[in-house]
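K.L.:
Okay, here's the structure, questions in a sec.
Please treat every number below as a calculation from the coordinates, not as lab data. As the structure is a computational prediction, the values presented were derived from the model and not from experiment. Note that we place each Cβ from the backbone using ideal geometry, even for glycine, and neighbour counts take in every protein chain shown.
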Amino acid sequence: MKSITILAALLTLALSSCNEETTTSVESSANGNEGALLAILLPTLPEGALTITEARKNPTPGTQLVLSGKIMGNESPLVDSRAMLTLGDPTKLTSCDLNPDDPCETPWDVCCDDLDLRKASIATIQVLDANGKPFKTGLRGLGGLRELSSLVIVGEVAKGSNKDNFLVTATGIHVAMAEPTKENPAPLATPEPSE
């Protein structure tokens, strides 16, 4: 009986050890993604940015571009498990926080704008890993970005893009402004470029 108790204790210890290694491996993987994603942040504002509406006029895959916009366009513009977001054209779309006395809980969904206008005024932005797939981690918080943040994206029109589905692969992201929200009322300062 004593040997069975010792064997059970050793087995429990071995299993908990395996779980610790798995957790450490997952955390290391997430930290590796974080480092790669931090490298994509641009400290200075890129010049020559187009609005999304302008850029959508030429959705040819491989076209290099600089694109400006605001994180908005649907109820969940930041994908939690992938390095992807929806960028809306603030010259065409109005987030609900800009409408006086609008009590909307998700002002980034631009629910007051026409559905066809919303579809024509957004872009899906993705950040790819070394295998050409979106990183398996969300972009929320990267450089302070969150819903309603204003961004300038440097990248190229991705394969599969067309006039109905405008997809851009980002090679650089400048967080021009991180907007305050109900969840985060204090605006975040744009990081100053290091000297």
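K.L.:
Taking only Cα atoms of the stretch 52-177, what ratio of Rg to Rh do you get with Rh as the Kirkwood inverse-distance radius?
P.N.:
0.95
K.L.:
Name all residues of the stretch 155-169 having a backbone nitrogen under 16 Å from the label point set 7 Å from the Cα of Lys119 along its Cα→Cβ direction, giving them as ranges.
P.N.:
162-167
K.L.:
Within the stretch 91-171, report the trypsin sites (Lys or Arg not before Pro) that DSSP leaves as loop and that have at most 11 other Cβ atoms within 10 Å.
P.N.:
Qualifying residues, ordered by number: Lys159, Lys163.
K.L.:
Follow-up question, since we're still on this one. Extension gain Leu41-Ser81, at 0.36 nm per residue separation less the Cα-Cα distance, in nm? Mind dumping the intermediate values first?
P.N.:
Values: separation 40, 0.36 × 40 = 14.40 nm, distance 1.91 nm.
Using 0.36 nm per residue and subtracting the Cα-Cα distance, I get 12.5 nm.
K.L.:
Going by C-beta contacts inside 10 Å, put Met72, Met177, Met84 in order with the fewest on the left. Write out the running numbers ahead of the final one.
P.N.:
Working: Met72 31, Met177 16, Met84 20.
The fewest-first ordering by Cβ neighbours comes to Met177, Met84, Met72.
K.L.:
Any idea how far apart Thr51 and Asn74 come out in nm if each label point goes 7 Å out from Cα toward Cβ?
P.N.:
2.3
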